[in-house]
Amino acid sequence: MKTPKTNSSCRSRCSFLLLCLTALLVGCGQIVPGEDAEQSDELPQIYPDYVGVTVPLDIAPLNFSMLSDSVSAIDVEVTGGKGGSMHVNGESAEFDVDEWHRLLAANRGDSLSVSVCARQDGRWTRYRDFCIYVSNDSIGAWGITYRRIAPGYEMFGPMGLYQRCLSTFDEKPLVENSWSMGTCVNCHTANATNPDQYVFHARADHGGTVIRNSKGEAMGEEQEAQTVGDELEVLQSKNDSLGGAMVYPYWHPDGRFITFSTNKTSQMFHLSNKKRIEVYDSSSDVFVYDTENHAIVQDTLIMKRLWAENTPAFSADGQWLYFTTARRQVYPTDYDKERYSLCRVAFDASTGSIGQTVDTLVNTRLTSKSATWPRPSYDNRYVMYTQVNYGYFSIWHPEADLWLLDLQTGETRPLDEVNTERAESLHSWSANSHWFLFTSRRDDGLFTRVYFASIDEHGRATKPFMLPQRDPKGYYRLLLDSYNTPDFCLRPVTTDTRSVVSRLQSSERMATTVTRGN
Amino acid sequence: MIRYCLLFIVYCLLFIVFGCSSTPRHFDGTDEEREYDALQLRGKWEQIVEKNRQQPTQSLACRKVVCLAQYRLGHTDQHVVKECLSDSREVLTSELAAMMMSDVYMQLGMVTMAQRAAFEAMVKKTGVKDSERALRRLTETALITGQYELALKYIGIVEENFSSKEWVDEMRTLALHPEQIRQHEIFNKLRENYENTEDQFFL
């Protein structure tokens, strides 16, 4: 039988709590800033750096910490220009998800003023307020997909393809290699961010190219999950006539064709250089794959013998096939002489054939640089690409920067608003082309993280912000994975994991045929 | 009361069955590799050469250790050792083999290759719990090659997962005050080697 609490036991408990609280206040200093907080003219150094960034309405809370580990507590007040406010304090600024979204919605097209007070060595300092701008534009995506993998060279351990909701912190695996006998999985690519159509590769013993090509009929989530298995195809990873595997994919907007490169990739390691590694292709070509009849359509115009064609992408209207091309070099002696130009050729989706003339949009003879990963915006206005000094595997090039080619004017320029002295690369557009994401090694020089920026009608980009996490400092500091080939995702990807795994584990593969274009 | 006692017994049994299996798993690799690794870590060069003489090793990683031992004993010159290390990819058969190679490279002053091998060992892990050796090596190579932010990241992970306070404090001081690396006998020597060696490629 439970004994009811007496008043005296309650009183003694209250006294004890009061004593503890007093001890805390005396021993650790004030837990909230008082009037005596020192005023600083400096902006707070926070992690991630969200000072002055522009965010879409639907982004998850921009939780942050002070950069310095010697800060023991922060007190943060966020005030909307159009109204509303939030107040948090503790070891880091962690905002309530729903409250954050209400504040953003109330301040659409305006800004949030963020006031930070930090306690260090028992003393509080109030920093200069900074703004977070709330865009009028939605990000136009439910979330993103990416591969998380330790940036290794030969060996690989746990890795997977994941999807992450952008308005919360929820991440779910699409495929993890622990489910599929330790194969390497990579290059998950949807058709213009639409998860009804995607492709990814699995390498090693049970390799194959997995394609989901749904017509996207409206159906319930449960029903959709059941049908996914039936819509999956696993292609043989290599075709002898092709001479290599399908590698970097990009969907044609009508969903019938996918362009791939095929690459014979090698790597070599520096003994003493600021760069660790060179990743290069001894050969590469570009081709178009027809999903309806499982045919690889080759064309000599994009498969020249002494040239390396690579990193293909279709324009959003489907009329152009962008790719990069470089004169092949001798490795390892001339490794830094292979420079790619950015080109395009017309594409006729009614016949699956390419045109007769190649346009050179960015010519390496003029730039003495190398262009890689062209990504046309979905409004047909721009092509964003990465520029490096040579080669194409940009993540290992600290000088890698994003460039923006204006298709209306033909002008191209570095996106200085987002570039740093570390590698920026692997960018993608949101479906509404108001936002783009990219990976950067700016955080610590090695591990790539995902950043987002918006672009205005004049092609000016806003200051990028890092993919939010519930506890970004703790998460990113301990994370030994890089984010690889991220892309926006219109809706959650519906996967039937068992079906994907069993297909990969079986030896059944869809054979491909090769047909010649020109 | 009896129910709680039974629960306690069940918990104890579960701990015995599953708790013990969750202790850090042994580095993978063969028994032979573990033996050679132990000898290398203790600098027992004569024993390594003798062991290989009695029964030539089948492991590529062990052969590299033998090459290093022969070099250490003055039986071969550095050129021959580097030649012996040319198949740097094939040797990476396991986490242990990768860490053994990292040690071999480090002893020969090939810091970037030591870094590469340690990284290979680390990525193969299923978690950081058994990565202390690789993380320490990655920290050292990051400090020597001037990647201080990266060094701090690795130090933070070691600090979070292992009890290595003395090592953590020493490395953190170097990462925050890189000018002190010049006063560090081993790191400074390796840094000079890294900065002054002509670049060449390893496949």
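The values are calculated or read from the model by the stated rules, or taken from the named source; none is laboratory data. These numbers were taken from a predicted model, which means no experiment stands behind them. Cβ atoms come from the backbone with ideal geometry, glycine included; neighbour counts cover every protein chain shown.
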Which pairs have Cβ atoms under 6 Å, sit 6 or more apart or on different chains, and link a residue in the range A:341-352 that is of a type in the set (Phe, Trp, Tyr) to one that is crowded, with 22+ Cβ neighbours inside 10 Å and at pLDDT 95 or above?
A:Phe347/A:Leu321
Take the conditions under 27 Å from A:Tyr475 (Cβ atoms), under 16 Å from the mean Cα position of the chain (by Cα), within 12 Å of chain A (Cβ to nearest Cβ) and touching a residue at least 60 places away in the same chain (Cβ under 8 Å) and apply them to B:Glu95. Does it pass?
yes
Out of the residues in the range B:140-162 meeting the condition of being in a helix (DSSP H, G or I) and touching a residue at least 40 places away in the same chain (Cβ under 8 Å), tell me which one is farthest from the other protein chains (Cβ to nearest Cβ).
B:Glu140
Failed criterion for A:Gly81 (all others in (1) of a type outside the set (S, T, N, Q); (2) surrounded by fewer than 20 Cβ atoms within 10 Å (Cβ to Cβ); (3) under 20 Å from A:Gly474 (Cβ atoms) hold)
(3)
What residue, of B:Val111, B:Val123, is touching a residue at least 60 places away in the same chain (Cβ under 8 Å), within 9 Å of another protein chain (Cβ to nearest Cβ) and under 16 Å from the mean Cα position of the chain (by Cα)?
B:Val111
Among residues of the range A:107-160, those that are within 14 Å of chain B (Cβ to nearest Cβ) and touching a Lys or Arg at 6+ places or on another chain (Cβ under 7 Å), counted:
6
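For the range A:431-459, enumerate the residues that are within 14 Å of chain B (Cβ to nearest Cβ) and not aliphatic (A, V, I, L, M). Full working, then the answer.
The initial filter retains those residues of the range A:431-459 that are within 14 Å of chain B (Cβ to nearest Cβ), namely A:440-449.
Of everything in the range A:431-459, those that are within 14 Å of chain B (Cβ to nearest Cβ) and not aliphatic (A, V, I, L, M) turn out to be A:Ser440, A:Arg441, A:Arg442, A:Asp443, A:Asp444, A:Gly445, A:Phe447, A:Thr448, A:Arg449.
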Could you list all residues from the range A:390-415 that are of a type outside the set (A, V, I, L, M, F, W, C) and in a helix (DSSP H, G or I)?
A:Ser394
Taking only the range A:145-186 into account, find how many residues are hydroxyl-bearing (Ser, Thr, Tyr), modelled with pLDDT under 90 and buried (at least 21 other Cβ atoms within 10 Å of the Cβ).
2
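Can A:Ser377 be described as touching a Gly at 6+ places or on another chain (Cβ under 6 Å) and in contact (Cβ under 8 Å) with a residue 60 or more places away in the chain?
Numbers: touching a Gly at 6+ places or on another chain (Cβ under 6 Å): no; in contact (Cβ under 8 Å) with a residue 60 or more places away in the chain: yes.
Criteria not met by A:Ser377.
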Kindly indicate which of B:Tyr105, B:Tyr36 is more than 14 Å from chain A (Cβ to nearest Cβ), aromatic (Phe, Trp, Tyr) and surrounded by 18 or more Cβ atoms within 10 Å (Cβ to Cβ).
B:Tyr36
Among the residues of the range A:397-411, how many are buried (at least 21 other Cβ atoms within 10 Å of the Cβ) and closer than 14 Å to A:Thr439 by Cβ?
4
With A:Asp254, A:Asp299, A:Asp240, A:Asp230 as the choices, which residue is at pLDDT 90 or above and either over 18 Å from A:Ala190 (Cβ atoms) or surrounded by fewer than 17 Cβ atoms within 10 Å (Cβ to Cβ) (or both)?
A:Asp254
